[in-house]
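Q: Here it is, the structure, as structure tokens.
The values are calculated or read from the model by the stated rules, or taken from the named source; none is laboratory data. All of these numbers come straight from a predicted model, not from anything done at the bench. Reconstructed Cβ throughout: ideal geometry from the backbone, glycine too, with neighbour counts over all protein chains shown. Keep in mind that these areas ignore ligands, DNA and RNA; they rest on the heavy atoms of the full protein, side chains included. Shrake-Rupley method; radii C 1.70, N 1.55, O 1.52, S 1.80 Å.
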Amino acid sequence: MASERTGNTLENKRKHVCVIGAGLTGLTTAYRLSKQGYKVTVLECNLEPGGMASAFSIGREKLEHIYHHIFTSDTYVTSLADELGLSDKMQWFEPKDSLYMAGKLYPFSSPVDLIRFKPIPFVERIRTGLAVLKAKKVDDISRLEEMTAKEWLVSNSGQKAYDSLWDPLLRSKFDNDASRVSAVWIWNKFKLRGNSRGSSVSKEMLGYMDGSFKVLIDALVEAIRKNGGELFLGYTVFGLTKLNGHFRIACMLEDCSSVELEADAVAATISTPRFNAMTGELGLPKEYLSKTSSIQYKGDLCMVMRLRHRLSDYYWTTVCDDLPFVVVVEHTNLTGLRKYGGHIVYLSRYLDITDPLWTQSDSDIFKLFCKGLANMYPDFRPGDVRDWRLTRTRYAQPVIGKKYSVKMPAMNTPQPGVFLAGMAQIYPEDRGMNYAIRLGDQAAEAVSMHLEGSDSNKANCK
Ligand SMILES: Cc1cc2nc3c(=O)[nH]c(=O)nc-3n(C[C@H](O)[C@H](O)[C@H](O)COP(=O)(O)OP(=O)(O)OC[C@H]3O[C@@H](n4cnc5c(N)ncnc54)[C@H](O)[C@@H]3O)c2cc1C
């Protein structure tokens, strides 16, 4: 009879959840649910887990395909690392940042650097500093939701400061959509960057893991497996249907064969266009689809180079001049050389996929980027590049326009048992590993509530 007493709970917990996507959101969702006793299967189209934060081997180290660091305010990352026994792997560094403007590198790490930043008039430098402080005090964002970042910045820091400083910064993320971006987005950046300075306003600290963030991803995968969950790599989900109270998840494998899995609930931790492409047969209502279809995403080209020499002393350089990339990230200026076998530099460009650059070949992009580097750093020679690789991320950054809270699709879709948890649902904060982990926690809670709830419904019907 003991099994009868415990059977109901155990049965609940062995309900099967399919998680689509093995980025940090999907892995966190799967980890939490597997820890609660659910049977969890993660399906990932790539051959490695980690999504945008995935890594490759270089020298005797691992390194992200795309630059990554965290802020001290990213407590979901640090808490998860602690929980997985990785606290000793998190290291903190003081970055040196700069702006490249009119052919010149300006230090840009602290309020003192802002005061000394001659390209904008003195009064506007002061107003810019005050605008940042003002933004940090805002608690109710409803008024900011009605404004663009441009409107807010021009009125608070001045036109010249906007043209010289903020417009290039917004363009570096949103390209030709810069003027549409909501004031909430920039407010959140000011607030978070401020929090990462802690009590010492002039000092920002950035976190990176010994062994790269792959250490965190591997620990999540290991914990999911230890809890009885599974991860299938090279499984591209292309269809989601409901049959006899269960969901059927159709996957295409690497050899173009297909398989179908069955689950009691599905958490899709992917972009909205990919979600739309796989849910056509679920018959989701128009109101929900109009939200998932309206989100616009920027793509990103990120090239990582291993160089014989460093380019500058800076970790982060925002490029305000017209060059093919918008940011130069000298990773080894933050972390030290480690065992990479050279200086690691990332060059990144967010863009619309209608931009001709998106479809240029990797080698043409490499040539263009080398020309850009030679413009910025007169000592740079293409022969300094030992090796390089390019990562194209189609859904890299949702464009957060005005009144985004009204446009954002809910995690609980109108089809009970199907959940959508992608970076377009991170708001008012901006996407990032920290909020991917928070979203994973929220998705696991929503799935679990649904599965527990459906059981109590059944119990009520008896
Ligand atoms: C240029 C750039 C720089 C960044 N820098 C930082 C940084 O410094 N710090 C920071 O915290 N964050 C940074 N981020 C953001 C961070 O990487 C992301 O917010 C986070 O990794 C998102 O995780 P995710 O799981 O939500 O999405 P993803 O990582 O995109 O994971 C989604 C997964 O779903 C898979 N998938 C998609 N469709 C299917 C399908 N049909 N079937 C199966 N699998 C599918 C994808 O392959 C992917 O692995 C950066 C991002 C970019 C683009």
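Q: Quick one: work out the % antiparallel among DSSP beta bridges in the chain, nearest 5.
A: 75 percent
Q: Roll a 1.4 Å probe over the protein heavy atoms and report the accessible area of K291 in Å², nearest 10.
A: 70 Å²
Q: Given a 1.4 Å probe and every protein chain left where it sits, what share in percent of the accessible area of the chain is carbon and sulfur?
A: 52 percent
Q: From the phi angles alone, apply the Karplus equation (6.51, -1.76, 1.60; θ = phi - 60°) to segment 232-245 and give each ³J(HN,Hα) in whole Hz, x where the residue is Gly or Pro.
A: Karplus-based 3J(HN,Hα) across segment 232-245 equals 10, 8, x, 10, 8, 6, 10, x, 9, 10, 10, 9, 6, x Hz.
Q: I'd like the Karplus ³J(HN,Hα) series for segment 338-350: coefficients 6.51, -1.76, 1.60, θ = phi - 60°, whole numbers in Hz, and an x wherever there's a Gly or Pro.
A: 6, 10, 6, x, x, 8, 9, 10, 9, 10, 10, 9, 7
Q: Separate question: What is the magnitude of the charge dipole of segment 110-199 about its Cα centre, with +1 placed on the Cβ of each Lys and Arg, -1 on the Cβ of each Asp and Glu, and no other charges, expressed in debye to the nearest 20?
A: Once rounded to the nearest 20, the dipole reads 420 debye.
Q: Something else now. Please report the relative contact order for segment 110-199, taking Cα pairs under 8 Å with a sequence separation of at least 6, and give it as a percent rounded to a whole number.
A: About 34 percent, as a whole number.
Q: Here's something else I'd like to know. Suppose every Lys and Arg Cβ carries +1 and every Asp and Glu Cβ carries -1, with no other charges. What dipole size does the chain come out with about its Cα centre, to the nearest 20 debye?
A: 740 debye
Q: I would also like to ask the following. Residue by residue through segment 321-330, which ³J(HN,Hα) values in whole Hz follow from phi under the Karplus form 6.51 cos²θ - 1.76 cosθ + 1.60 (θ = phi - 60°), with glycine and proline marked x?
A: Result, rounded to whole Hz: 7, 7, 10, x, 10, 10, 8, 10, 10, 8.
Q: Can I ask one more? Restricting to DSSP H runs of at least four residues, report the calculated mean residue ellipticity at 222 nm for the chain, -39500 (n - 2.57) per run over all residues, nearest 500 deg cm²/dmol.
A: -11000 deg cm²/dmol
Q: Separate question: What ranking do 138-148, 100-110 get when scored by the average of other Cβ atoms within 10 Å per residue, highest first?
A: 100-110, 138-148
Q: Sticking with this structure for a sec: Show me the three semi-axes of the equivalent ellipsoid for segment 110-199, from the C-alpha gyration tensor (sqrt of 5 times each eigenvalue), largest first, rounded to whole Å.
A: Working through the eigenvalues yields semi-axes of 19, 17, 12 Å.
Q: If contacts are Cα pairs under 8 angstrom and at least 6 residues apart, what is the relative contact order of the chain in percent?
A: Relative contact order comes out at 23 percent.
Q: Along each of the three principal axes of the Cα atoms of the chain, give the extent in whole Å, ordering the values from largest to smallest.
A: Taking the Cα atoms of the chain, the three principal extents are 78, 50, 44 Å.
Q: Past the 23 Å Cα-Cα mark, which pairs from K96/K150; K118/K203; K189/K402; K136/K203; K150/K189; K89/K173?
A: Long pairs (Cα-Cα over 23 Å): K96/K150; K89/K173.
Q: Would you please put 428-441, 355-368 in order of how densely packed they are, using the mean number of other Cβ atoms within 10 angstrom per residue and starting with the highest?
A: 428-441, 355-368
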